[in-house]
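The values are calculated or read from the model by the stated rules, or taken from the named source; none is laboratory data. Note that this is a predicted model, so its numbers are computed, not measured. Reconstructed Cβ throughout: ideal geometry from the backbone, glycine too, with neighbour counts over all protein chains shown. Just so you know, the surface numbers come from the protein's heavy atoms only, side chains and all, with ligands and any DNA or RNA stripped out. Shrake-Rupley method; radii C 1.70, N 1.55, O 1.52, S 1.80 Å.
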Amino acid sequence: MSIVIVQHTKTPSESVERLLNKLGEEPKVLHYGKAVDKLTQYQFFKEHGIPHPEWSINVEDANSWLANGSTVFGRRQIKTSGGSGIEILEEPLEESCEDFKVFTKYIKKKREFRVNLFQHKIINIREKVKEAGKEGNSMIRNKTNGFTTTHCKPMSEELTSMVKDWAMQASMVSDSDFIGVDIGYNQFKNLVFVLEVNSGPSIEGKSVNDFVEAIQNANI
């Protein structure tokens, strides 16, 4: 018998292939990439008291935030991952504008983490850092802007606890077996907040072995 990972992504995932190559012939059925759109995520965060950036579907709110000096992001699509599709609004929009599906108010962050979970259990915490020689906007920490995930710099017990707690709670928005929760940290305010939940996270480097170990140890 062979392992089966049911992919819910439009194209085959290299992350899944890496896992399959490591796991070999084992009878397991798992789900990868059962995406949950951003509006559903934000509503879930709000209903469950999970700290997250302020958001709205109304152009009036976005313009008000801009008028008050806040940085505002607009999303034309609500089913994307890794920060793709986010635009930084440079000027107020026409009230009749229907280009964007949701707006979020940017929260300054000193650090950003990727918490990887298998079946809602944390397997590791990685930190997003700028790769040497790469340029890009640090407000959106993805590969396009030169960021990668690596081992975390030292974290206090309090910060570690907050990151783990909110990641586990946020992960419940999706029933994908593989989840990556992006979490920001504002050091000045000692504020931890959830940015998004990825139900088809990129799995590479040390995370490949961490996921493999979690699958092998799981009671499936």
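How big is the gap, in Å, between the Cα center of segment 123-158 and the Cα center of segment 176-204?
Segment 123-158 and segment 176-204 have Cα centres separated by 11 Å.
I'd like the orientation of helix 157-171 relative to the chain: the angle between its Cα long axis and the longest Cα principal axis, in ° from 0 to 90, rounded to 10.
90
Within segment 82-117, which GluC sites (Glu not before Pro) sit in a loop by DSSP and count at most 12 neighbouring Cβ atoms inside 10 Å?
Those that pass, being in a loop and sparsely packed, are GLU90, GLU94, GLU95, GLU98.
Identify, among MET162, ILE5, HIS151, the residue whose Cα sits farthest towards the positive end of the charge dipole of the chain, taking +1 on the Cβ of Lys and Arg and -1 on the Cβ of Asp and Glu, with the dipole about the Cα centre.
Positive-most Cα among the choices belongs to HIS151.
For segment 23-73, what is the charge dipole size about the Cα centre, in debye to the nearest 20, if Lys and Arg each add +1 at the Cβ and Asp and Glu each add -1 at the Cβ?
Around 60 debye, computed over segment 23-73.
Read phi for every residue in segment 196-202 and hand back ³J(HN,Hα) as whole Hz from Karplus 6.51 cos²θ - 1.76 cosθ + 1.60, θ = phi - 60°, with x for Gly and Pro.
In residue order, the calculated couplings are 6, 10, 9, 8, x, x, 5 Hz.
For LEU39 paired with THR150, estimate the spin-label separation in nm (one decimal), with each label point 7 Å from Cα along the Cα-to-Cβ line.
For LEU39 paired with THR150, the spin-label model returns 4.0 nm.
Might you tell me the accessible area per residue for segment 33-191, computed with a 1.4 Å probe and given in Å²?
53
For segment 39-109, give the magnitude of the charge dipole about the Cα centre (Cβ charges: +1 Lys/Arg, -1 Asp/Glu; no others), in debye to the nearest 20.
I would put it at about 520 debye.
Specify the residue with the greatest mean-square fluctuation among ALA167, ALA132, ALA67, computed from a Gaussian network of the chain linking alpha-carbon atoms under 10 Å apart.
ALA132
At 222 nm, what value in deg cm²/dmol follows for the chain if DSSP H runs of at least 4 each add -39500 (n - 2.57) and the sum is divided by all its residues, to the nearest 500?
For the chain, the value works out to -7500 deg cm²/dmol.
Cα atoms only, the chain: Rg and Dmax in Å?
Both quantities, over Cα of the chain: 17.9, 60 Å.
Can you list the residues, at least 5 places off or on another chain, whose amide H is less than 5 Å from the amide H of LEU30, using H built in the peptide plane?
Excluding prolines and chain starts, which carry no amide H, the hits are VAL4, ILE5, VAL6.
To the nearest 10 degrees, how steep is helix 38-47 against the longest Cα principal axis of the chain, on a 0 to 90 scale?
Between helix and principal axis, roughly 80 degrees.
SER161 versus ALA67, label points 7 Å from Cα toward the beta carbon: distance in nm?
With each label placed 7 Å out from Cα toward Cβ, I get 4.3 nm.
Any chance you could count the Lys pairs in segment 98-220 whose alpha carbons are under 13 Å apart, treating pairs 8 or more apart or on different chains as valid?
Lysine pair count for segment 98-220: 12.
Is there a quick way to get the dipole size of the chain? I mean about its Cα centre, with the Cβ of Lys and Arg at +1 and of Asp and Glu at -1; what is the value in debye to the nearest 20?
620
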